[in-house]
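The structure appears right after this line, and notes come after that.
The values are calculated or read from the model by the stated rules, or taken from the named source; none is laboratory data. Bear in mind that the values here come from a model prediction, so they are computed numbers and not experimental data. Note that each Cβ is placed from the backbone with ideal geometry, even for glycine, and that neighbours are counted across all protein chains shown. Just so you know, the surface numbers come from the protein's heavy atoms only, side chains and all, with ligands and any DNA or RNA stripped out. Shrake-Rupley method; radii C 1.70, N 1.55, O 1.52, S 1.80 Å.
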Amino acid sequence: LGETELESSGDMKVVARIGVGFDAVDVPALSKRKVPLMVAGSANSPSVAEQALFMMLTLAKRASEMDSIVKDNKWASRLGALPYDLFGKTVLIIGFGRIGTRTAKRCLAMEMNVLIYDPYKPAADIKAAGCEPVASLEAALPRADFVSIHCPKNSETVGMFNAARLKLMKPTAYLINTARGGIVDEAALHEALVSGKLAGAGLDVFEQEPPPAGHKLFALPNVIMAPHVAGVTSEAVDRMSEQTARNILSVLDGEPLRQNVINQDVLG
């Protein structure tokens, strides 16, 4: 949503969009016109957190392989590549917002050690949630068995997981991205996976969406994928729709729900 679309919107007082991140909107253009850009709060946060945990479990338990062993009559090979537990493992969560906090709760319930990297959250808040704050991503990555990304896509996070940082991870570790494409360098990820420097990855988002046919990550057996639907469950759609209506009504009533406004500078 850019300048041209805004110019044609007349006396629009609120922009409501379902299914896109606010990184797809020209926020300064909205602020210039005093138009609040609102998100659906935590409406789909539980769904994304569940998807992140699902991907961790699917990879750790080698779900695709176990399924094929039974269906392809390979029973004799069932003790070859053993699955392993989340119990006692260390997960590094990138971002401790609406989704990251919920992912942390689910990982704690699996009796995992939870590290949090979020330079914008007070360490005391992270500790109060039963997690360990880490100040250095480079120092934390070698400790993690799983890394789950839950930060926004911006100038600070694009390319955050490049070749150098992927090399810091354990060769037995898994990378999960349910945040935004572009935070992970896909070429570097492919190299790490095929060279054995990383055990596997779970991706709900991609640099280009949909990814091009024949994308080289498609051929890797240690990668599981979803088409950017982590936050699009039947329940989440209901919650997002209801929250969108509440957002619009709050603006029309002259009392915008402040916690859902991205461009806070438009509020009096």
Pick from V114, V194, V223: which is most flexible by mean-square fluctuation in a GNM of the chain where alpha carbon atoms under 10 Å apart are linked?
V194
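Work out, step by step, the length gained on full extension between T58 and A135: first 0.36 nm times the residue separation, then minus their alpha carbon distance; give nm to one decimal. The partial results should precede the final answer.
Numbers: separation 77, 0.36 × 77 = 27.72 nm, distance 2.93 nm.
The T58-A135 span can extend by a further 24.8 nm.
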Cubic angstrom per residue, convex hull over Cα atoms of the stretch 39-165
141
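Using alpha-carbon pairs under 8 Å, 6+ residues apart, how would you state the relative contact order of the stretch 119-268 in percent?
On the way: 167 pairs, mean separation 23.7, N = 150.
Answer for the stretch 119-268 is 16 percent.
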At 20 °C in a medium of viscosity 1.002 mPa s, the stretch 78-142 has a Stokes-Einstein diffusion coefficient, with Rh taken as the Kirkwood radius over alpha carbon pairs, in µm² per second, of 172
Not counting ligands, DNA or RNA, and with a 1.4 Å probe, what is T172's accessible surface area in Å² rounded to the nearest 10?
80
Per residue, in Å², the accessible surface of the chain once ligands and nucleic acids are set aside, probe 1.4 Å
51
Helix 98-109 sits at what angle to the longest principal axis of the chain, using alpha carbons and giving 0 to 90 degrees rounded to 10?
30
Between helix 234-252 and the chain, what is the angle of the helix's C-alpha long axis to the longest principal axis, kept within 0 to 90° and rounded to the nearest 10?
20
Helix-only mean residue ellipticity at 222 nm, the chain, DSSP H runs n ≥ 4 weighted -39,500 (n - 2.57), per residue, nearest 500. What is it?
-9500 deg cm²/dmol
Distance in nm between pseudo-label sites at A123 and A219 (7 Å out along the Cβ direction from Cα):
4.7
Which residue, A124, A192, A201, tops the fluctuation ranking in a GNM of the chain built on C-alpha contacts under 10 Å?
A124
Simple SL model, points at 7 angstrom along Cα→Cβ for N73 and Q208; separation in nm is 4.2
Rounded tilt (10° steps) of 45-60 against the dominant C-alpha axis of the chain
10
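Using a 1.4 Å probe over the heavy atoms of the protein chains, calculate the carbon and sulfur portion of the accessible area of the chain as a whole percent. Don't skip to the end; give the middle numbers.
Details: 7540 of 13740 Å².
About 55 percent, which is the carbon plus sulfur part of the accessible surface.
Can you give the relative contact order of the stretch 118-169 as a percent, counting alpha carbon pairs under 8 Å and 6+ residues apart? Please list the in-between numbers first.
Numbers: 20 pairs, mean separation 17.6, N = 52.
Here the relative contact order equals 34 percent.
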Calculated log₁₀ intensity ratio I(q)/I(0) where the Debye formula runs over C-alpha points of the stretch 149-268, q = 0.18, 0.23 Å⁻¹
-0.95, -1.29
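Exceeding 26 Å between C-alpha atoms, which entries from my cross-link table qualify? They are K121/K197; K61/K216; K61/K170; K34/K153; K89/K167.
Numbers: K121/K197 31 Å; K61/K216 24 Å; K61/K170 18 Å; K34/K153 24 Å; K89/K167 19 Å.
The pairs that break the limit, which is 26 Å between Cα atoms, are K121/K197.
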Once R0 is set to 22 Å, what does the formula 1/(1 + (r/R0)^6) return for the Cβ-Cβ distance between A245 and S31, expressed as a FRET efficiency to the nearest 0.05?
0.40
Quotient of C-alpha Rg and 2.2 N^0.38 Å, computed over the chain
1.10
